[in-house]
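Everything on this sheet refers to the single structure shown next.
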Amino acid sequence: MRRPARVSCERFQKPTVPSLLPTGKNDVALQEAKDVIARIVKQRGFKLLGIRLLPTDNTALGASALATEPHVLQMFVENTKNFNDRDFDRCVPVC
C-alpha cells in the first residue's frame, strides 16, 4: 500500500505523516487495530495525534466485493523526536 504524502497544516505543530492500515469490518477488529497502533507509536516514543476510519463510497461494488471490503484506518503520528524525514518514515508503523 502506498503511503500518502506528508501533512502540513496549522493543526499539526511538527512534521506529521499519515499512514493507512486495513482492518476487519467488525468493531472488535477495529478496536484491536487502534490499540495496537497506539501501543506501537507509544513504544517508539512518538505521539499519536489521531486515528480515523476513512470514509468510502462502495456503491459501485458488487456483493462479493462488499463481503471482503476492509475498513481502512488512517493514523497521524507526530515526529516528537525531530528525526529527519527518512528516519521518521522508518520508525512509523507501516503496513
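Could you count how many residues in region 63-92 are without any contact (Cβ under 8 Å) to a residue 12 or more places away in the chain and either in a loop (DSSP other than H, G, I, E, B) or closer than 16 Å to GLY24 by Cα (or both)?
Total satisfying the criteria: 7.
Of these, VAL41, VAL28, which one is hydrophobic (A, V, I, L, M, F, W, C), in a helix (DSSP H, G or I), modelled with pLDDT of 85 or more and farther than 17 Å from PHE88 by Cβ?
Going through VAL41, VAL28 in turn, the sole match is VAL28.
Quick one: VAL17 ticks every box in (1) modelled with pLDDT of 85 or more; (2) surrounded by 13 or more Cβ atoms within 10 Å (Cβ to Cβ) bar one, so which box is it?
VAL17 satisfies all of (1) modelled with pLDDT of 85 or more; (2) surrounded by 13 or more Cβ atoms within 10 Å (Cβ to Cβ) except (1).
The values are calculated or read from the model by the stated rules, or taken from the named source; none is laboratory data. Bear in mind that the values here come from a model prediction, so they are computed numbers and not experimental data. We place every Cβ from the backbone using ideal geometry, glycine too, and count neighbours over all the protein chains shown.
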